[in-house]
Amino acid sequence: MTYKNDYILSCRDIYKSYPMGATKLEVLKGANLSITRGEFVAIRGASGSGKSTLLHILGALDMPDRGDVFFEGKDIDSFSARQANEFRNKKIGFVFQFYHLLDELTVLENVLLARMAHSSAVDWLACSAPAKSRAHQLLGELGLSERIAHRPFQLSGGERQRVAIARALMNQPDVILADEPTGNLDSQTGSGILEIFEKLHSVNQTVVMVTHDEKIAARAQRVIRLADGRILTT
Ligand SMILES: Nc1ncnc2c1ncn2[C@@H]1O[C@H](COP(=O)(O)OP(=O)(O)OP(=O)(O)O)[C@@H](O)[C@H]1O
Ligand SMILES: [Mg+2]
């Protein structure tokens, strides 16, 4: 089934609940959202309103109980296993509040992992030189050239988040999904991270950012609110 393919990513009538003892906690109750290519959208909402849940569903990290997610107008439910993996690995770049970097790997390796994740050993050998060159370039653009051999635990919070952004950008994703990307940072460092998203937006990168912070949200091109399990129409 196709739906509104002028949108890069959209969802319709999303319901999601979690079991809670004998009952269910209904988190999303008919959420609808449409993102246009090149938009920088902030999703605001109180803690516990379901922002992370919605973002995970949009990126196919989690499944709704019912409702549909469409990527370029195509229902992601209809994807083959290969298409679904490609969607998660190549089309979407995730950025999380707590970075989710691997401390056993260097900064460069963390970024390269995004490319290795969907390559066979043979493919990886064939593409590793251009991949390394892209990783170096991204880390350079994000001001991390001097940190490529560091391990994440040797970096500041802002540096870790910039590594996570480089990792998210590695496969030239169609959409960046960022969950409270400044939530663990002081306001000045957080502002620097927002500047990166603003710069990405200026070159047409689609960014969907979840935040409970009004000031952070105001930096986006469009702010929408999640409350009572739905996206409020403004
Ligand atoms: N795996 C889970 N099992 C049970 N309940 C869950 C699970 N994940 C989330 N919840 C509950 O669902 C609700 C929404 O969670 P979610 O993490 O989406 O909220 P949020 O808006 O991102 O909040 P925050 O701003 O604090 O990050 C919360 O009440 C949470 O406790
Ligand atoms: Mg959350």
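Key figures for this structure:
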quantity	calculated
Some residue of region 25-48 being within 19 Å of D65 (Cα to Cα), touching a strand residue (DSSP E or B) at 6+ places or on another chain (Cβ under 6 Å) and free of Cβ contacts under 8 Å to residues at least 12 places away in the same chain	yes
Qualifying positions in region 188-234 - more than 20 Å from Q161 (Cβ to Cβ) and of a type in the set (A, V, I, L, M)	V223, I224, L226, A227, I231, L232
Lone qualifier among G30, G21, G73 - being at positive phi and at pLDDT 95 or above	G30
Of residues in region 17-64 being away from ligand 2 (no atom under 13 Å from the Cβ), of a type in the set (K, R) and touching an Asp or Glu at 6+ places or on another chain (Cβ under 8 Å), the one nearest to L232 (Cα to Cα)	K29
Selection count where residues are more than 16 Å from ligand 1 (Cβ to nearest atom) and over 16 Å from G59 (Cβ atoms), scope region 173-189	4
Selection status of I148, within 16 Å of ligand 1 (Cβ to nearest atom) and surrounded by fewer than 22 Cβ atoms within 10 Å (Cβ to Cβ)	no
Some residue of region 194-209 being closer than 30 Å to L25 by Cβ, within 16 Å of ligand 2 (Cβ to nearest atom) and in contact (Cβ under 8 Å) with a residue 40 or more places away in the chain	yes
Scan of region 22-57 for residues that are near ligand 1 (Cβ under 7 Å from one of its atoms) and of a type in the set (D, E, K, R), ordered by number	K51
Within region 178-189, considering residues that are of a type outside the set (D, E) and away from ligand 2 (no atom under 16 Å from the Cβ), the one surrounded by the fewest Cβ atoms within 10 Å (Cβ to Cβ)	Q188
Filtered residues of region 118-143 (kept if outside any helix (DSSP H, G or I) and within 14 Å of P173 (Cα to Cα))	H118
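Each row is one residue, and each column tells you yes or no for (1) out of contact with any helix residue (DSSP H, G or I) (no Cβ under 8 Å at 6 or more places or on another chain); (2) of a type outside the set (A, V, I, L, M).
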site	(1), (2)
I35	yes, no
F40	no, yes
A46	yes, no
G50	yes, yes
L54	yes, no
L58	yes, no
D65	yes, yes
F70	no, yes
G73	yes, yes
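The values are calculated or read from the model by the stated rules, or taken from the named source; none is laboratory data. All values reported here derive from a predicted model rather than from experimental measurement. So basically every Cβ, Gly included, is an ideal-geometry build from the backbone, and we count neighbours across all protein chains shown.
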